[in-house]
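Before any comments, here is the structure.
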Amino acid sequence: MTDELDLKGINTLRFLSVDMVQKANSGHPGLPLDAAPMAYVLWTRWLRHNPANPEWFDRDRFVLSAGHGSALLYSLLYATGYDVSLDDIKQFRQWHSKTPGHPERGDTPGVETTTGPLGQGLANAVGMAMAEAQMAARYNRPQHAVIDHHTYAIVSDGDLMEGVASEAASLAGHLRLGKLICLYDQNAMTLSAATDMTFTEDVRQRFDAYGWHTIAVTDGNDLVAIDAALETARAKATRPTLILVRTSLGYGSPKQDTFEAHGSPLGAESVRRTKENLGWPLEPDFYVPEDALAHFRKALPRGAELETAWDDRMQAYAKAFPDLHDEVQRSLRGELADGWDADIPVFPADAKGMATRDASSKVMNAFAAKVPAFTGGSADLNPSTKTAMKGLGDFNPPASKGGDLQGSDVSGWSFQGRNLHFGVREHAMGAIVNGLAAHGGTIPFGATFLIFSDYMRPPMRLAALMKLHVIHVFTHDSIALGEDGPTHQPVEQLAALRAIPNLTLIRPGDANETAVAWRVALQTKGRPVLLVLTRQNVPTLDRERMASADGLRRGAYVLFDTPGKKPELILIASGSEVGLIVEAAQRLEEEGVAVRCVSMPSWELFEALPQAERDEVLPPSVTARLAVELGISQGWERYVGSRGDMMGIETFGASAPAEVLLKEYGFTVDAVCQRAKALLAR
């Protein structure tokens, strides 16, 4: 792999990238110049994909974790025949272009996941490899390997500095994900300095300690060595591989081995000199030799042949295992089987009630066995989040004899296990769940305390940006968790999460709302769903006296009105405060106040309704409105209006029993009634 055609192909990738950045006057030329050889070897020798059908399920996944080098990925996609034209290449970083500044899933055919925030792509790749391993273990049978592909990533120094990458790599090593292969573009430069300034650890020893197989390639232009490393990596079935490829940032340019090549265009003069140094024609820009393009485009017939062979295997599988075939196809389409929710319980009215986390556990375990794509777990908090799926096994390599199996499911350890264990790695959990969803064939979830959603904000934002169907279960949702104190008591988190576009947050008010919330979460498409649940018991409302919990689907609904009277006051609450306003409304009714009681578990679902339907719940003519929620008041003004009021918390919590905290912070029936009367008296 050292002939003239290989060099032409590599330089085609290099200079398409350089010309993209130069024309846009924006971008990162350094990585494409140094990483083009490793990308070329991977994409022309090893990557199993079909450019004519980027959605072919059994393709290898490729993640450019170093998303700032997006020009290299777009060059690869164009060259190998994806629906990315040379005109698209020339529109790099422009309005509505297929070639945005960083790779964006959904914008560009062939882009598997949105990258740019460093470390996220590597963790996504771990999730993709986990999805492949789980589906292969569940569905493959002797002579019928219908799920069989690798996940590749190119990662940078910056990726490996980020904590999320460390978390994810540690878990990948523990899980022995042999079909995960990462090429480390070890150019020893960051945006502002050489890595000698901040990053002098021995990365190879670090990954050895994680349990990875590591290979060093000392010359990033040595195609034979890169090819051999990939071949060796693919043979390591029980360990992920990190291939450390020593490169020179901005290779061939006057700015080679300087941080100035990282994040800015080279400039016209430096582009000219780079082309001269590497023997590339100065004109025209975006030059693509015909023989190089023809070589890249061999990916099209090769990809068609690979997909046809897979279709044949799938047809044979359908004949041999018709039920499994139907199941896997349904999972690939993201569909739920008829009757999947038939066993979800209806909870009887109960003044004592139960914590919504406990109701959630009962609901999950009622449907999980009927939804084989549903998989997930917590960041070391299953006993608290109540998210263990009983009898569905733990996703882990088979346990070693004599190993400590505390905390295990009765069905044992295997890659078929549906319970994922992330350890104390919330950030990686969020990014891995994104990778599971981006891979396809799974409906993944993560779980932790609401306060620790702060660790997960970057991947949750990316899930919303990518329109991924992921679910997160956040328990211990307020100061009412009690004695653990303000370090664990969320106050501002609800408002912060509601601020993320294209994300649905649901805070159910009782057990039956929790059951509907799970139905909504499973049936949602194209956006993440967050379920926010209590630690403490809340009353299970009497649905014979109040509206059906199915009203949750509308985001907000009328629980009840004072009979025979037009409301003069509307009480609104979410979550655990719904029971509080119900009790307050009943007392106010006894005092002659006509009250409407509204449960508002999800702003986002409510905002999706037409204005007329929203006005039916919150009539504009009723301006005396009091919202009650154990969080900051930010945002509630849109629902209470200028003449309404909000009972919230504008300070941090404290360490004390829950009942003491609720009294001291004013979340009592007396306090709600007092605020309501003051509102009516204005």
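Worth a mention:
- DSSP beta bridges in the chain [antiparallel fraction, %, rounded to 5]: 15
- Where labels lie 7 Å past Cα in the beta-carbon direction, separation of Ser85 and Thr651 in nm: 6.4
- For segment 504-571, fraction of C-alpha pairs farther apart than 18 Å, in %: 44
- Summed over the residues of segment 226-266 and divided among them, the accessible surface reaches 39 Å² per residue at a probe radius of 1.4 Å.
- Fraction of accessible area attributable to carbon and sulfur, the chain (%, probe 1.4 Å): 50
- Heavy-atom accessible area order for Asp358, Asp157, Asp670, largest first, 1.4 Å probe: Asp670, Asp358, Asp157
- Cα-projected label distance for Gln634 with Glu231, points at 7 Å along beta-carbon direction, nm: 5.7
- Cα principal axis extents for segment 558-598, largest first, Å: 27, 17, 12
- ³J(HN,Hα), Karplus 6.51/-1.76/1.60, whole Hz, each residue of segment 231-245, x for Gly, Pro: 4, 5, 4, 5, 7, 8, 6, 10, 8, x, 10, 10, 9, 8, 10
- Vicinal HN-Hα couplings computed from phi for segment 41-55 (Karplus, 6.51 cos²θ - 1.76 cosθ + 1.60; Hz; Gly/Pro x): 4, 4, 6, 9, 10, 10, 5, 9, 8, 10, x, 6, 9, x, 8
- Hits among lysines - C-alpha to C-alpha of Lys566 under 22 Å, sequence gap 8 or more where chains match: Lys677
- Its Cα gyration tensor gives segment 275-377 an equivalent ellipsoid, and the semi-axes of that ellipsoid, as √(5λ) in whole Å with the largest first, are 54, 25, 9.
- Loop-located GluC sites (Glu not before Pro) in segment 49-156 (DSSP state not H, G, I, E or B) with no more than 14 neighbouring Cβ atoms inside 10 Å: Glu55.
- Distance violations [Cα-Cα > 29 Å] among Lys275/Lys298; Lys236/Lys386; Lys352/Lys467: Lys236/Lys386; Lys352/Lys467
- Amide H contacts under 5 Å for Gly376, placed H, 5+ residues apart: Leu420, Phe445
- Close amide H contacts of Ile344 (hydrogens built in the peptide plane, cut-off under 5 Å, sequence separation of 5 or more or a different chain): none are found.
- Solvent-accessible heavy-atom area per residue, rounded to whole Å², over segment 380-440 at 1.4 Å: 42
- Near Val595, the amide H atoms lying under 5 Å from its own belong to Thr562, Glu568; only residues 5 or more places off or on other chains count, and H is placed 1.01 Å from N.
- Qualifying GluC sites (Glu not before Pro) in segment 475-583, DSSP loop, other Cβ atoms within 10 Å at most 11: Glu544
- The loop-placed GluC sites (Glu not before Pro) in segment 294-376, going by DSSP, that have at most 13 neighbouring Cβ atoms within 10 Å of their Cβ come out as Glu335.
- For segment 227-373, the residue among Pro240, Tyr287, Asn277 whose Cα projects farthest onto the positive side of the dipole built from Cβ charges is Pro240.
- On the beta carbon distance between Arg643 and Trp95, with R0 = 41 Å, the FRET formula returns roughly 0.45.
- Among 60-70, 517-527, sorting by the average number of other beta carbon atoms lying within 10 angstrom of each residue, highest first, gives 60-70, 517-527.
- Averaging the sequence gap over all C-alpha pairs within less than 8 Å and six or more residues apart, then dividing by the number of residues, gives segment 1-87 a relative contact order of 33 percent.
- Centroid-to-centroid separation of segment 137-209 and segment 8-77 [C-alpha atoms, Å]: 18
- Residues listed by number, segment 242-259, amide nitrogen under 16 Å from Thr218 label point at 7 Å toward C-beta: 244-248
- Rounded to the nearest whole Hz, the Karplus-based 3J(HN,Hα) values (6.51 cos²θ - 1.76 cosθ + 1.60, θ = phi - 60°) of segment 597-611 follow the sequence 10, 10, 8, 10, x, 8, 4, 5, 5, 5, 5, 6, 6, x, 4, with x at glycine and proline.
- Rg over Rh [alpha-carbon atoms, Kirkwood Rh] for segment 184-316: 1.07
- Subtracting the Cα-Cα distance of Lys467 and Glu4 from their residue separation scaled by 0.36 nm leaves 162.4 nm.
- Extended-chain gain in nm, criterion 0.36 nm per residue less alpha-carbon gap, Asp148 and Arg297: 51.3 nm
- Between segment 444-462 and segment 337-415, the Cα center-to-center distance that results, in Å: 19
- Per residue accessible area in Å² of segment 38-169, where ligands, DNA and RNA are left out and the probe is 1.4 Å: 27
- Distance (nanometres) between label positions extended 7 Å along Cα→Cβ at Glu492 and Glu616: 3.8
The values are calculated or read from the model by the stated rules, or taken from the named source; none is laboratory data. In this text the structure is predicted, and so the values were computed from the model without any measurement. Cβ sites come from the backbone with ideal geometry, for glycine too, and all protein chains shown count toward neighbours. Side chains included, ligands, DNA and RNA excluded: accessible areas come from the protein's heavy atoms. Shrake-Rupley method; radii C 1.70, N 1.55, O 1.52, S 1.80 Å.
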